[in-house]
Amino acid sequence: MRDTPVLTLIGAGLVGSLLAILLARQGHRVELFERRGDPRRLGYEGGRSINLALAARGLRALDAAGLRDEVMAETVMMRGRMVHELGGPTALQRYGRDDSEVIWSVHRGRLNLTLLDAAEAAGARLHFDTRLAGIDWDGNELLLVDADGSERRHAAGLIVGCDGAGSAVRAAMAARTHLGERFEPLGHGYKEVAIAPTADGGFKLEPNALHIWPRDAYMLIALPNIDGSFTGTLFLASEGEPSFASLDSAAAVASFFATEFPDAVGLIDDLTGDFFRHPTGLLGTLWLDRWHLEGRALLIGDAAHAIVPFHGQGMNCGFEDALTLAELVAARGLDDPAALFASFAADRKPNADAIARMSLHNYLEMRDHVDDPDYKLKRLVADE
Ligand code: FAD
């Protein structure tokens, strides 16, 4: 392996750290650069969604990394959607026929820590507090910025950009070739609110479900955490009425929740505090025509295909990317990276495009159709 190229991974989020494990376990030399500090020392900084739905596709990749049991021990099973109609009954819509077809709620921060520990144990070299600022393609060097602002150069191997939707690797590639990049904003954002456990540590809602309060043009959802809490997320238009722009005072927020989500409002301990303290996240879809630059750099995960979260498949899809890439590397080696990257893109791009479209469609379904009697009838017939 010594004379095969180093694999230079940028971004130690969920996808980059999983890929580091899979490649390092094959004996490859893997370097992983992350702009944040080491979350195992500093605590997880958070940012986006606190918990995520892990599905069969993501679990398959974790299995290949030997982490299934460790990760599953920290999940809460969700067997279906618990739909909270306004002033109506609450009903569970199962995802499958029985508990063999379910998804799992997992904590983003804890999952990332597990993956980083495993990547290091597998032999990957992790560099935190190191931001990629650019790539000198002619000199084949990374332009890095350390936490104190000092700049340095570092020899690049085969570069894999796992640095998320705002990818610096993608920007550097786009300066060299046309990637056909389009970003389609959804026009809706999201905000997280916390539902604490009961005084004795229990769940305030049915734990084994993904809760949805569908309200046509917007919705609230809540996913369980293993400590008895739930993380609620409001999805709402950015502008117009109602919107994140119009909910501009504590009174407006309290009245909106009391009217629209009366059975949820009492569960959220500090609604207006959370609402104004937590950032409003932006949502959109990133489409690219090209994911690689010759045999020199490749994009995977959100860096290649950021999608809206309504199928809960962004991480799962990125995990599938990591597994597919690792399997291709195992089968073909690194002698012809241009062909390797082209095969990867040919395999994964149709899948990524499909889940991007399905995720956009599922926003309409989740917020608008799951409480529609015709829809429920169709599901019952389909389930027969
Ligand atoms: P990221 O998680 O964005 O990680 C990128 C990493 O790169 C970060 O650590 C970042 O610090 C680092 N980085 C960035 N720039 C640089 C740089 N210049 N130099 C060095 N490092 C850099 N997916 C699911 O599967 N299920 C869900 O239920 C789900 N729910 C979601 C809910 C919401 C509200 C949102 C917004 C997303 C959700 N997703 C879900 C999608 C999921 O969060 C993403 O698909 C996933 O995080 C992508 O992982 P990634 O590693 O590709 O990118």
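Structure notes:
- Listed values for segment 58-74 are Karplus-derived 3J(HN,Hα) couplings in whole Hz (6.51 cos²θ - 1.76 cosθ + 1.60, θ = phi - 60°), namely x, 5, 4, 5, 5, 4, 4, 8, x, 10, 3, 5, 4, 6, 4, 5, 10, and x replaces Gly and Pro.
- GluC sites (Glu not before Pro) restricted to DSSP loop in segment 98-199 with at most 13 other C-beta within 10 Å: Glu101
- For Asp270 and Ala346, the FRET efficiency from 1/(1 + (r/R0)^6), where r spans their Cβ atoms and R0 equals 35 Å, is about 0.10.
- Distance between the modelled labels on Thr198 and Met77, one decimal in nanometres: 2.1 nm (7 Å Cα→Cβ projection).
- Taking amide H as placed 1.01 Å from N in the peptide plane, Met78 has its amide H under 5 Å from the amide H of Ile103, Trp104, Ser105, each at least 5 places away in sequence or on another chain.
- Cβ-based charge dipole, the chain, positive-most Cα from Gly58, Ala174, Ser359: Ala174
- Taking label positions 7 Å along the Cα-Cβ direction at both Asp38 and His154, the computed distance is 1.4 nm, reported to one decimal.
- Amide H to amide H, with H built 1.01 Å from N, Ile135 comes under 5 Å of Leu143, counting only residues 5 or more places away or on other chains.
- Calculated [θ] (222 nm, deg cm²/dmol) that DSSP helices of n ≥ 4 give over the chain, each run adding -39,500 (n - 2.57): -10500 deg cm²/dmol
- Phe341 exposes around 0 Å² of accessible area when a 1.4 Å probe is run over every protein chain in place.
- DSSP bridge orientation in the chain - percent antiparallel, rounded to nearest 5: 75
- Annotation: for a label point projected 7 angstrom from Cα along Cα→Cβ of Glu70, residues of segment 12-34 with backbone N closer than 17 Å are 12-27.
- This model, with +1 at the C-beta of Lys and Arg and -1 at the C-beta of Asp and Glu, gives the chain a dipole about its Cα centre of some 660 debye.
- For segment 56-174, fraction of C-alpha pairs farther apart than 22 Å, in %: 57
- Pairwise label distance in nanometres, Asn140 with Asp336, each label 7 Å out on the Cα-Cβ vector: 2.0
- Area accessible to solvent at Tyr190, 1.4 Å probe radius, in Å²: 30
- Across the chain, the relative contact order, built from alpha-carbon pairs under 8 Å that are at least six residues apart, equals 21 percent.
- Long-range HN-HN contacts of Glu181 with modeled amide H, under 5 Å: Asp289
- Unit charges at the beta carbon, dipole of segment 203-258: most positive-side option, Val253, Pro224, Ile212: Pro224
- Carbon/sulfur fraction of accessible area - the chain, other protein chains in place, 1.4 Å, %: 51
- Surface calculation, 1.4 Å probe, protein heavy atoms: Cys162 sits at approximately 10 Å² accessible.
- Global form of segment 138-197, assessed from the alpha-carbon gyration tensor, a/c cut-off 1.5: oblate
- In whole percents, the pair-distance distribution calculated for the chain from its alpha-carbon pairs, binned every 20 Å from zero, is 27, 55, 17, 0.
- Lys/Arg +1, Asp/Glu -1 at C-beta; segment 230-378 dipole; positive extreme among Ala330, Phe319, Leu298: Ala330
The values are calculated or read from the model by the stated rules, or taken from the named source; none is laboratory data. If you're wondering where the values come from, they're calculated on a predicted model, not measured in any experiment. Methodologically, a virtual Cβ is constructed for each residue, glycine included, from the backbone with ideal geometry; neighbour enumeration extends over all protein chains shown. For the accessible areas, the whole protein counts, side chains as well, though only heavy atoms, and no ligand, DNA or RNA atoms are used. Shrake-Rupley method; radii C 1.70, N 1.55, O 1.52, S 1.80 Å.
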